[in-house]
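First up is the structure itself, then whatever we jot down about it.
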Amino acid sequence: MHFFDTHAHLYDARLIADIDSILQPADNQVDFIVCPSENLETAFQTILLANRYREVYAACGIHPLMVEHITLEEWNELLNKVKNLPKVVALGETGLDYHEKTVDKELQKKWFIRHIEAAIEFNLPLIIHNRKAHGDLLEILKRYKKSLRGIMHGYSGSVELAKELIKLGFYISFSGSITFTNSRRIREVVRQLPLEKILLETDSPFQTPMSRRGEVNTPRNIVYIAETVAQIKNTSVEQVAKITYQNAQCIYNIIM
(Lines give C-alpha, C1' and ligand atoms only; values in the text may rest on other atoms or scores of the structure.)
Protein backbone atom coordinates (compact mmCIF):
# COMPACT_ATOMS: atom_id res chain seq x y z
CA MET A 1 0.00 0.00 0.00
CA HIS A 2 1.00 3.59 -0.58
CA PHE A 3 0.09 6.56 1.60
CA PHE A 4 0.15 10.35 1.56
CA ASP A 5 0.74 12.03 4.93
CA THR A 6 -0.83 15.45 4.45
CA HIS A 7 0.53 17.04 7.66
CA ALA A 8 3.76 16.25 9.53
CA HIS A 9 6.10 18.67 11.34
CA LEU A 10 9.34 17.02 10.26
CA TYR A 11 11.52 19.89 11.53
CA ASP A 12 10.50 19.17 15.13
CA ALA A 13 13.47 18.29 17.36
CA ARG A 14 11.96 14.87 18.09
CA LEU A 15 12.11 14.00 14.39
CA ILE A 16 14.85 15.98 12.69
CA ALA A 17 17.72 14.27 14.52
CA ASP A 18 16.71 10.92 12.97
CA ILE A 19 15.10 12.22 9.78
CA ASP A 20 17.06 10.04 7.33
CA SER A 21 15.92 6.89 9.13
CA ILE A 22 12.35 8.14 9.51
CA LEU A 23 12.08 8.78 5.77
CA GLN A 24 13.53 5.41 4.75
CA PRO A 25 11.01 3.28 2.81
CA ALA A 26 8.88 0.98 4.96
CA ASP A 27 6.60 -1.93 4.08
CA ASN A 28 3.69 0.50 3.89
CA GLN A 29 5.28 3.22 1.80
CA VAL A 30 4.63 6.88 2.56
CA ASP A 31 5.21 8.32 -0.90
CA PHE A 32 4.50 11.97 -0.06
CA ILE A 33 4.59 14.11 3.08
CA VAL A 34 3.51 17.75 3.35
CA CYS A 35 5.39 19.59 6.09
CA PRO A 36 3.56 22.73 7.29
CA SER A 37 5.26 25.54 9.19
CA GLU A 38 4.26 27.45 12.31
CA ASN A 39 6.44 30.57 12.10
CA LEU A 40 9.07 32.24 9.94
CA GLU A 41 11.91 30.02 11.19
CA THR A 42 10.06 26.75 10.57
CA ALA A 43 8.85 28.01 7.18
CA PHE A 44 12.47 28.21 6.03
CA GLN A 45 13.21 24.85 7.67
CA THR A 46 10.38 23.11 5.81
CA ILE A 47 11.57 24.61 2.51
CA LEU A 48 15.04 23.16 3.18
CA LEU A 49 13.54 19.74 3.93
CA ALA A 50 11.46 19.84 0.76
CA ASN A 51 14.53 20.68 -1.29
CA ARG A 52 16.54 17.88 0.34
CA TYR A 53 14.03 15.01 0.24
CA ARG A 54 12.09 13.86 -2.81
CA GLU A 55 8.99 12.83 -0.87
CA VAL A 56 8.71 16.00 1.23
CA TYR A 57 6.72 19.05 0.13
CA ALA A 58 6.44 22.34 1.99
CA ALA A 59 3.57 24.45 3.27
CA CYS A 60 4.51 27.90 4.54
CA GLY A 61 2.47 29.88 7.01
CA ILE A 62 2.14 31.39 10.47
CA HIS A 63 0.21 29.50 13.15
CA PRO A 64 -2.53 31.64 14.74
CA LEU A 65 -0.76 31.49 18.10
CA MET A 66 2.44 32.79 16.49
CA VAL A 67 1.10 35.86 14.69
CA GLU A 68 2.43 38.25 17.34
CA HIS A 69 5.96 37.28 16.35
CA ILE A 70 6.02 38.22 12.67
CA THR A 71 6.13 41.58 10.93
CA LEU A 72 4.44 42.47 7.67
CA GLU A 73 7.89 42.96 6.14
CA GLU A 74 8.92 39.41 7.10
CA TRP A 75 5.64 38.04 5.76
CA ASN A 76 6.18 39.72 2.39
CA GLU A 77 9.73 38.36 2.32
CA LEU A 78 8.36 34.85 2.86
CA LEU A 79 5.72 35.26 0.14
CA ASN A 80 8.34 36.46 -2.34
CA LYS A 81 10.27 33.27 -1.68
CA VAL A 82 7.21 31.01 -1.78
CA LYS A 83 5.96 32.14 -5.18
CA ASN A 84 9.17 30.98 -6.87
CA LEU A 85 9.40 27.54 -5.26
CA PRO A 86 7.56 24.65 -6.97
CA LYS A 87 7.80 22.39 -3.91
CA VAL A 88 5.75 24.81 -1.80
CA VAL A 89 2.29 23.34 -2.37
CA ALA A 90 0.17 25.17 0.23
CA LEU A 91 0.02 28.04 2.70
CA GLY A 92 -0.29 27.10 6.34
CA GLU A 93 -0.84 26.18 8.87
CA THR A 94 -3.00 29.20 9.46
CA GLY A 95 -6.41 29.75 11.01
CA LEU A 96 -7.91 30.70 14.36
CA ASP A 97 -7.24 29.37 17.86
CA TYR A 98 -9.40 30.73 20.66
CA HIS A 99 -8.56 27.95 23.13
CA GLU A 100 -5.37 29.43 24.59
CA LYS A 101 -6.77 32.97 24.96
CA THR A 102 -3.24 34.39 24.73
CA VAL A 103 -3.35 35.96 21.28
CA ASP A 104 -5.79 38.71 20.36
CA LYS A 105 -8.67 37.39 18.23
CA GLU A 106 -8.71 40.39 15.92
CA LEU A 107 -4.99 40.00 15.23
CA GLN A 108 -5.54 36.32 14.43
CA LYS A 109 -8.33 37.21 12.01
CA LYS A 110 -6.17 39.82 10.29
CA TRP A 111 -3.38 37.32 9.67
CA PHE A 112 -5.81 34.58 8.64
CA ILE A 113 -7.21 36.88 5.96
CA ARG A 114 -3.67 37.69 4.78
CA HIS A 115 -3.06 33.97 4.28
CA ILE A 116 -6.37 33.58 2.44
CA GLU A 117 -5.65 36.43 0.06
CA ALA A 118 -2.12 35.15 -0.63
CA ALA A 119 -3.47 31.63 -1.28
CA ILE A 120 -5.92 33.02 -3.83
CA GLU A 121 -3.20 35.12 -5.48
CA PHE A 122 -0.79 32.15 -5.75
CA ASN A 123 -3.54 29.60 -6.50
CA LEU A 124 -2.50 27.47 -3.53
CA PRO A 125 -4.65 25.62 -0.98
CA LEU A 126 -4.75 26.60 2.68
CA ILE A 127 -3.97 24.29 5.59
CA ILE A 128 -6.27 25.47 8.38
CA HIS A 129 -5.94 25.07 12.13
CA ASN A 130 -9.22 25.67 13.97
CA ARG A 131 -9.74 25.47 17.71
CA LYS A 132 -12.90 26.77 19.36
CA ALA A 133 -13.39 29.38 16.62
CA HIS A 134 -15.93 27.66 14.36
CA GLY A 135 -18.26 30.63 13.90
CA ASP A 136 -15.63 33.23 13.05
CA LEU A 137 -13.73 30.78 10.86
CA LEU A 138 -16.76 29.89 8.78
CA GLU A 139 -17.86 33.51 8.46
CA ILE A 140 -14.46 34.54 7.08
CA LEU A 141 -14.19 31.58 4.70
CA LYS A 142 -17.63 32.26 3.24
CA ARG A 143 -16.45 35.70 2.10
CA TYR A 144 -14.03 33.95 -0.28
CA LYS A 145 -16.09 30.88 -1.18
CA LYS A 146 -15.82 31.25 -4.96
CA SER A 147 -12.03 31.23 -5.11
CA LEU A 148 -10.73 29.29 -2.09
CA ARG A 149 -9.79 25.67 -1.45
CA GLY A 150 -7.90 23.83 1.25
CA ILE A 151 -7.58 21.33 4.05
CA MET A 152 -9.14 21.45 7.50
CA HIS A 153 -6.30 19.91 9.46
CA GLY A 154 -6.70 17.60 12.47
CA TYR A 155 -10.48 17.88 12.37
CA SER A 156 -12.34 17.88 15.69
CA GLY A 157 -15.56 19.75 14.88
CA SER A 158 -19.12 18.66 14.16
CA VAL A 159 -20.59 16.79 11.21
CA GLU A 160 -22.53 19.91 10.24
CA LEU A 161 -19.42 22.12 10.16
CA ALA A 162 -17.53 19.53 8.12
CA LYS A 163 -20.30 19.45 5.52
CA GLU A 164 -20.30 23.26 5.31
CA LEU A 165 -16.53 23.25 4.79
CA ILE A 166 -16.81 20.66 2.02
CA LYS A 167 -19.31 22.91 0.26
CA LEU A 168 -16.67 25.67 0.39
CA GLY A 169 -14.10 23.48 -1.35
CA PHE A 170 -12.30 21.94 1.61
CA TYR A 171 -11.12 18.44 2.39
CA ILE A 172 -11.37 17.19 5.98
CA SER A 173 -8.18 15.69 7.42
CA PHE A 174 -8.05 13.23 10.31
CA SER A 175 -5.09 12.42 12.55
CA GLY A 176 -4.28 9.79 15.16
CA SER A 177 -6.94 11.22 17.48
CA ILE A 178 -9.57 9.11 15.70
CA THR A 179 -7.88 6.00 17.13
CA PHE A 180 -8.42 7.16 20.74
CA THR A 181 -11.04 5.39 22.85
CA ASN A 182 -12.89 8.67 23.54
CA SER A 183 -13.08 9.70 19.87
CA ARG A 184 -16.71 8.74 19.20
CA ARG A 185 -17.67 12.23 18.00
CA ILE A 186 -14.85 12.42 15.45
CA ARG A 187 -15.54 8.86 14.30
CA GLU A 188 -19.13 9.86 13.60
CA VAL A 189 -17.84 12.67 11.36
CA VAL A 190 -15.73 10.12 9.46
CA ARG A 191 -18.73 7.81 9.14
CA GLN A 192 -20.93 10.49 7.61
CA LEU A 193 -18.45 12.07 5.19
CA PRO A 194 -17.72 10.64 1.73
CA LEU A 195 -14.30 9.03 1.53
CA GLU A 196 -13.63 11.25 -1.49
CA LYS A 197 -13.46 14.26 0.85
CA ILE A 198 -11.24 12.72 3.54
CA LEU A 199 -7.49 13.07 4.01
CA LEU A 200 -5.09 11.31 6.38
CA GLU A 201 -2.37 12.96 8.45
CA THR A 202 -0.11 11.96 11.31
CA ASP A 203 0.51 15.50 12.62
CA SER A 204 3.90 14.07 13.63
CA PRO A 205 5.35 14.20 16.22
CA PHE A 206 1.96 14.87 17.87
CA GLN A 207 -1.26 12.81 18.01
CA THR A 208 0.41 9.38 18.23
CA PRO A 209 -2.15 6.64 17.42
CA MET A 210 -3.46 4.68 20.39
CA SER A 211 -1.59 1.48 19.55
CA ARG A 212 1.75 3.38 19.57
CA ARG A 213 1.15 5.57 22.61
CA GLY A 214 4.34 6.43 24.46
CA GLU A 215 6.34 6.62 21.23
CA VAL A 216 7.23 9.63 19.11
CA ASN A 217 4.78 9.80 16.24
CA THR A 218 6.20 9.53 12.70
CA PRO A 219 4.69 9.44 9.20
CA ARG A 220 4.94 5.64 9.18
CA ASN A 221 2.06 5.54 11.67
CA ILE A 222 -0.32 6.74 8.94
CA VAL A 223 -1.32 3.09 8.45
CA TYR A 224 -3.04 3.00 11.89
CA ILE A 225 -5.17 6.00 10.99
CA ALA A 226 -6.09 4.37 7.67
CA GLU A 227 -7.05 1.16 9.47
CA THR A 228 -9.39 3.07 11.80
CA VAL A 229 -11.02 4.92 8.89
CA ALA A 230 -11.48 1.59 7.10
CA GLN A 231 -13.20 0.10 10.15
CA ILE A 232 -15.52 3.09 10.48
CA LYS A 233 -16.35 3.12 6.74
CA ASN A 234 -16.67 -0.69 6.53
CA THR A 235 -14.19 -0.90 3.69
CA SER A 236 -10.64 -2.14 3.14
CA VAL A 237 -7.48 -0.36 4.24
CA GLU A 238 -6.32 -0.61 0.63
CA GLN A 239 -9.37 1.35 -0.53
CA VAL A 240 -8.85 4.02 2.13
CA ALA A 241 -5.18 4.34 1.17
CA LYS A 242 -6.01 4.60 -2.53
CA ILE A 243 -8.80 7.19 -2.28
CA THR A 244 -7.16 9.42 0.33
CA TYR A 245 -3.92 9.32 -1.69
CA GLN A 246 -5.80 10.51 -4.77
CA ASN A 247 -7.56 13.19 -2.71
CA ALA A 248 -4.24 14.53 -1.42
CA GLN A 249 -2.69 14.54 -4.89
CA CYS A 250 -5.67 16.53 -6.12
CA ILE A 251 -5.72 19.23 -3.44
CA TYR A 252 -1.93 19.67 -3.42
CA ASN A 253 -1.59 19.27 -7.19
CA ILE A 254 1.15 16.65 -6.84
CA ILE A 255 0.79 14.15 -9.67
CA MET A 256 3.59 11.67 -10.36
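The values are calculated or read from the model by the stated rules, or taken from the named source; none is laboratory data. Computed from a predicted model, the values in this text were never measured in an experiment. Please note: Cβ atoms are built from the backbone with ideal geometry, for glycine as well, and neighbour counts cover all protein chains shown. Only protein heavy atoms, including side chains, enter the accessible area calculation; ligands, DNA and RNA are left aside. Shrake-Rupley method; radii C 1.70, N 1.55, O 1.52, S 1.80 Å.
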**Prompt:** Can you put GLU74, GLU139 in order of accessible area, largest first, using a 1.4 Å probe?
**Reply:** GLU139, GLU74
**Prompt:** What percent does the relative contact order of region 56-188 come to when contacts are Cα pairs within less than 8 Å and at least six residues apart?
**Reply:** 21 percent
**Request:** Return one whole number: the accessible area per residue of the chain in Å², for a 1.4 Å probe.
**Result:** 45 Å²
**Item:** Value of D in µm² per second that Stokes-Einstein yields for region 26-171, Kirkwood Rh from Cα pairs, at 37 °C (0.692 mPa s)
**Value:** 212 µm²/s
**Asked** Near LYS81, which lysines are there with a Cα under 30 Å away, not counting those fewer than 8 places off in the same chain?
**Response** LYS105, LYS109, LYS110, LYS142, LYS145, LYS146
**Request:** Filter the GluC sites (Glu not before Pro) in region 80-138 down to the DSSP loop ones having no more than 13 other Cβ atoms within 10 Å, then list what survives.
**Result:** GLU100
**Prompt:** About its Cα centre, what dipole magnitude does region 84-139 give when the only charges are +1 on Lys and Arg Cβ and -1 on Asp and Glu Cβ, stated in debye to the nearest 20?
**Reply:** 120 debye
**Request:** Compute the distance in nm between two label points, each set 7 Å from the Cα along the Cα-to-Cβ direction, one at ASP18 and one at LEU72.
**Result:** 4.5 nm
**Request:** Among the trypsin sites (Lys or Arg not before Pro) in region 32-114, which ones are in a DSSP loop with at most 10 other Cβ atoms within 10 Å of the Cβ? Mind listing them?
**Result:** LYS101
**Fill in**
If R0 = 41 Å, then ARG213 and THR235, at their Cβ-Cβ distance, give a FRET efficiency to the nearest 0.05 of 0.95
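Got a number for carbon plus sulfur as a percent of the chain's accessible area, 1.4 Å probe? Let's see the in-between values first.
Details: 5430 of 11540 Å².
The computed percentage sits at 47.
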**Fill in**
One checks the Cα atoms of the chain and finds Rg and Dmax, in Å, of 16.9, 50
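Got the relative contact order for the chain handy, in percent, Cα pairs under 8 Å and 6 or more residues apart? Walk me through the numbers on the way to the answer.
Numbers: 504 pairs, mean separation 50.4, N = 256.
Worked out over the chain, it gives 20 percent.
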**Fill in**
Taking a label point 7 Å from the Cα of ASP27 along Cα-to-Cβ, the residues of region 193-216 whose backbone nitrogen sits under 17 Å from it are 211-212
**Prompt:** How far is it, in nm, from the label point at HIS99 to the one at CYS250 when both lie 7 Å from their Cα along the line to the Cβ?
**Reply:** 2.9 nm
**Asked** Hey, what's the Kirkwood Rh for region 1-84 if you take every pair of different alpha carbons, in angstrom?
**Response** 13.6 Å
**Item:** Cα-based radius of gyration of region 199-256 once divided by 2.2 N^0.38 Å, which approximates compact folds
**Value:** 1.18
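Run lengths n ≥ 4 of DSSP H only: what is the helix-derived mean residue ellipticity at 222 nm for the chain, with -39500 (n - 2.57) per run over all residues, to the nearest 500? Intermediate results must be reported in sequence, preceding the final value.
On the way: 10 runs with 106 residues, N = 256.
It comes out at -12500 deg cm²/dmol, rounded to the nearest 500.
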**Complete:** With every protein chain kept in place and a 1.4 Å probe, the residues PHE4, PHE44 fall, from largest accessible area down, as PHE44, PHE4
**Prompt:** Ignoring ligands, DNA and RNA, how do HIS134, HIS69, HIS9 rank by accessible area with a 1.4 Å probe, largest first?
**Reply:** HIS69, HIS134, HIS9
**Request:** Specify the inter-centroid distance of region 8-25 and region 120-159, based on alpha-carbon positions, in whole Å.
**Result:** 28 Å
**Asked** Straight-line reach from LYS163: which aspartates and glutamates have a Cα under 20 Å away, not including same-chain ones fewer than 8 places off?
**Response** ASP136, GLU139, GLU188, GLU196, GLU201
**Request:** Pick out, in residue order, every one of the trypsin sites (Lys or Arg not before Pro) in region 154-256 that is DSSP loop and has at most 16 other C-beta atoms within 10 Å; say none if there are none.
**Result:** ARG213
**Message:** Taking the full set of protein chains and a 1.4 angstrom probe, give the accessible area of ILE178 in square angstrom, rounded to the nearest 10.
**Reply:** 0 Å²
**Asked** Looking only at HIS99, HIS63, HIS129, which one moves most when the chain is put into a Gaussian network model with springs between Cα atoms under 10 Å?
**Response** HIS99
